[in-house]
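The values are calculated or read from the model by the stated rules, or taken from the named source; none is laboratory data. All of these numbers come straight from a predicted model, not from anything done at the bench. Glycine also receives a Cβ, built like all others from the backbone with ideal geometry; neighbour counts cover every protein chain displayed.
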Amino acid sequence: MSEVIDEKIVVEPHQSPVESQSETGFKSGDDASNSTKDVDAAWNFLSGHRDADNVASGADLAALRRKIDFHIVPIMFLCYMMQFMDKVILNYALVMGISKDLNLGPNDASNLATFLFTALLIFEIPNVYALQMFPAAKWLGANVVLWGVATACGAAATSYQAMLVSRIFLGIFEATIGPSLLLISSQWYTKSEQAPRFAIWYGGLGFSQIIGGAISYGFQHVAPGGALSGWRTMFLVLGCVTVLVGLLTVFFLPDTPMKARWLSDGEKVALLKHVSVNQTGIENKKFRPTEIVEALLDPQIYLLVVSVVLLSIGSGVITTYSTTLIRNLGYDPPHAALMTMPSGVISLAATVVSGFAVRIQSHRWAWLVGLLACGVLSGGLMRFLPTTNRAGILAAIYLINTITATLPIFYQWTASNTSGGTKRAFAAALVSAAFSVGNIVGPQTFRAKDAPEYRPAKITLLATEATCMVTTFSLFLYYVWQNKRRAGAAEASESEYMSKEVWANVTDRKNKRFRYVY
């Protein structure tokens, strides 16, 4: 099977963390106390709340999931929605007069996108350390506030250089969004439960595409003679909204399940027992360089990174040039902005459907290949259809948005298939960095001299999505092979899942009972 059987672990009412500890051979007294610094914070919480164990055994997990969904998923959705909105705002501004106001050169728009993602890429690695040293939700919230400020400051830009500074700072502060949401999501749900939650918060991307077109259309009707032009007002308003979302994250998103004020101790114990089958831990602040070395020697990390780079080249096209491509079909700027709205519908639908499908039947690899095939078809249509076929090219521009649904599945693969606190944070940073690399390359394939058809860019899009299908299938075969190699390891009983060893920060490669999902 491709999925860890995480729903069939039954919590035995009579068992306590202390009993689990003794059954697995951990010493009591000083030895146990000294070893707590090497285990996950979840174990320390379980050990200190033995009196809540009986209450936890009778917890309604379905009701608990709904309660968690209500408190954390909307906040993560808003964070991801605003990061994409603030990033893609340049896409809309390009048809709202920003080029004229800032006297942008032929390739300056591509360079603004490139430097944003370059800054994002550079600051992914420091986030590995920050996410282990600082409370995850607080770190995320603070960065959301700061990138909101950077977006709002873009309204004051009077030159290419000033806008470039604003976009670079946006990239610096947005660097934490992917790794933070990946790690936070994996704390609250089992591996199969994670897929639809990843899809929902990542659906903020599609939703922002839908409302982004309408927002751009509205701001294009701001009186030209006003104190601020339409695009400047848009930057200022969206930046302020982002700051509010950041403050909401700081005050209402818990750093870990153990710190959730809206969960009782019994509910926290029940949740930690439920997610213990992931064998990926909750929180461990000890930084282990050896786990970074292991990640750099792990074939799955390279396949994940290469796959995300390839698919993100198409994502970079969507982020920066979708409105321009639509405008080149003969639409005026306001209607070109409105015509981007179906792209968001396609993106959101593909993300949600694939996320819930993975929850029901797994087969992550099959959904990835299918979605990438849609990207290949889109690239082919854009490249080979005559420019007079406006309906066909417009359909291709919409269809390419299906590839955005692949990234949350790759994020979820990263969260589920890497364990060890430092290794998982490092893997999350690398995959997010790969997304940045693809988005750096994507806009650069759109060169001014290739306008209006941009044939080299369309060929690149076709080739990269096709190659990504190959690397994705290779990753699937790697996971199958690894699980077969581990087939001789005995399946863990409930008591063993609840042992201290589960929370001992053991990496996926060292834990022979760990099973990869695909």
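Checked against (1) under 19 Å from the mean Cα position of the chain (by Cα); (2) closer than 20 Å to Thr445 by Cβ, Ser354 passes all but a single condition, namely (2). When you check Arg509 against the structure, is it out of contact with any Lys or Arg (no Cβ under 7 Å at 6 or more places or on another chain), farther than 22 Å from Val306 by Cα, of a type outside the set (Asp, Glu) and at pLDDT below 90, yes or no? Judged against the criteria, Arg509 is not a match. Contact annotation: residue pairs with Cβ atoms under 8 Å, 6 or more positions apart or on different chains, pairing a residue in region 473-497 that is closer than 26 Å to Trp43 by Cβ and at pLDDT below 95 with a partner that is hydrophobic (A, V, I, L, M, F, W, C) and surrounded by fewer than 12 Cβ atoms within 10 Å (Cβ to Cβ), are Glu494/Val10.
Which one is nearest to Ser307 (Cα to Cα), of the residues in region 343-358 that are out of contact with any Phe, Trp or Tyr (no Cβ under 7 Å at 6 or more places or on another chain) and either surrounded by fewer than 17 Cβ atoms within 10 Å (Cβ to Cβ) or among the hydroxyl-bearing types (Ser, Thr, Tyr) (or both)? Going through the qualifying residues, I end up with Ser347. Counting only residues that are out of contact with any Phe, Trp or Tyr (no Cβ under 7 Å at 6 or more places or on another chain) and at pLDDT below 75, which one in region 451-470 is surrounded by the most Cβ atoms within 10 Å (Cβ to Cβ)? The selected residue is Glu453.
Got a number for residues in region 257-314 being hydroxyl-bearing (Ser, Thr, Tyr) and under 30 Å from Val376 (Cα atoms)?
3
Looking at region 264-276, can you tell me whether even one residue there is within 27 Å of Tyr217 (Cα to Cα), among the polar types (S, T, N, Q), crowded, with 23+ Cβ neighbours inside 10 Å and in contact (Cβ under 8 Å) with a residue 24 or more places away in the chain? Scanning region 264-276 turns up no residue that is within 27 Å of Tyr217 (Cα to Cα), among the polar types (S, T, N, Q), crowded, with 23+ Cβ neighbours inside 10 Å and in contact (Cβ under 8 Å) with a residue 24 or more places away in the chain.
Checked against the criterion of being within 18 Å of Ser47 (Cα to Cα), polar (S, T, N, Q) and either touching a residue at least 12 places away in the same chain (Cβ under 8 Å) or not in a helix (DSSP H, G or I) (or both), region 298-308 has no qualifying residue.
Could you go through region 334-355 and let me know if any residue there is farther than 25 Å from Met81 by Cβ and touching a residue at least 60 places away in the same chain (Cβ under 8 Å). Write out each step before concluding.
Taking region 334-355 and keeping what is farther than 25 Å from Met81 by Cβ, we get none.
No; the residues of region 334-355 include none that is farther than 25 Å from Met81 by Cβ and touching a residue at least 60 places away in the same chain (Cβ under 8 Å).
Might you let me know whether region 320-336 holds any residue that is over 20 Å from Asn389 (Cα atoms), touching a Phe, Trp or Tyr at 6+ places or on another chain (Cβ under 6 Å) and part of a helix (DSSP H, G or I)? Yes: one or more hits. Tally up the residues in region 170-223 that are among the basic types (Lys, Arg) and modelled with pLDDT under 90, please. Result for region 170-223: 1. Whether a residue is more than 22 Å from Leu205 (Cα to Cα), surrounded by fewer than 24 Cβ atoms within 10 Å (Cβ to Cβ) and either among the small types (Gly, Ala, Ser) or in contact with a His (Cβ under 8 Å, 6 or more places away or on another chain) (or both) was assessed, and Ala395 does not pass this test.
Quick one: which of Ala373, Ala366, Ala357 is touching a His at 6+ places or on another chain (Cβ under 9 Å) and more than 28 Å from Ile89 (Cβ to Cβ)? So that I can check it myself, show each step before the final result.
Values: Ala373 fails: touching a His at 6+ places or on another chain (Cβ under 9 Å); Ala366 fails: touching a His at 6+ places or on another chain (Cβ under 9 Å).
Going through Ala373, Ala366, Ala357 in turn, the sole match is Ala357.
Quick one: Val305 ticks every box in (1) aliphatic (A, V, I, L, M); (2) buried (at least 23 other Cβ atoms within 10 Å of the Cβ); (3) within 19 Å of the chain's Cα centre (by Cα) except a single one, so which number is it? Only one criterion in (1) aliphatic (A, V, I, L, M); (2) buried (at least 23 other Cβ atoms within 10 Å of the Cβ); (3) within 19 Å of the chain's Cα centre (by Cα) is unmet by Val305, namely (2). Checking Leu263, Leu247, Leu238 one by one, the residue that is in a loop (DSSP other than H, G, I, E, B) and either more than 18 Å from Met85 (Cβ to Cβ) or under 23 Å from the mean Cα position of the chain (by Cα) (or both) is Leu263 and no other.
Among the residues here, Thr351 qualifies as of a type outside the set (Gly, Ala, Ser), in contact with a Pro (Cβ under 7 Å, 6 or more places away or on another chain) and more than 18 Å from Phe473 (Cβ to Cβ).
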